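As structure tokens, the structure follows; a few thoughts come after it.
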Amino acid sequence: MSKTNLRALSNMLPETWRSKIVGLAAGANVKVLRMDGTASNEQPHAYAEGLLVLDGELKLGIGGEVVTVSAGEIYIVPANTPHAVAAGSHGTLVIIDANE
């Protein structure tokens, strides 16, 4: 597989908040998406999820608080932990999650 420019790929996606699987690594999906400032509903997953911000920032609602994840930072959401995206999240997000 050749290298992938994740920022360029996210900018070409037709919709925000619709991830594209870039590939698999160690059995996990590696996805990229573009955030546009809108919020999302709370959801848990049966697996841990890595949220890596390439540029911009992610405002993550988790445990009754909003945690800001800035460019160059990753937040690992534990399995079965409800979390939501708060309004104001923008930029490029990489998601690392279970390959189901």
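Taken over segment 43-55, the residue count meeting the criterion of being surrounded by 13 or more Cβ atoms within 10 Å (Cβ to Cβ) and part of a strand (DSSP E or B) is 7. Considering segment 1-42, the residues that are assigned to a strand (DSSP E or B) and in contact with a His (Cβ under 9 Å, 6 or more places away or on another chain) include one that is surrounded by the fewest Cβ atoms within 10 Å (Cβ to Cβ), namely 36.
Checking each residue in segment 78-100 for being within 19 Å of residue 6 (Cα to Cα), part of a strand (DSSP E or B) and not β-branched (Val, Ile, Thr) picks out 90, 91, 93, 97.
Answer yes or no: is there a residue in segment 57-73 that is polar (S, T, N, Q) and assigned to a strand (DSSP E or B). Yes, some residue in segment 57-73 is polar (S, T, N, Q) and assigned to a strand (DSSP E or B). What's the number of the condition residue 99 fails, among (1) over 13 Å from the mean Cα position of the chain (by Cα); (2) modelled with pLDDT of 95 or more; (3) surrounded by fewer than 13 Cβ atoms within 10 Å (Cβ to Cβ); (4) not β-branched (Val, Ile, Thr)? Condition (2) is where residue 99 drops out.
The values are calculated or read from the model by the stated rules, or taken from the named source; none is laboratory data. Note that this is a predicted model, so its numbers are computed, not measured. A quick note on method: Cβ atoms are made from the backbone with ideal geometry, for glycine too, and the neighbour counts reach across all protein chains shown.
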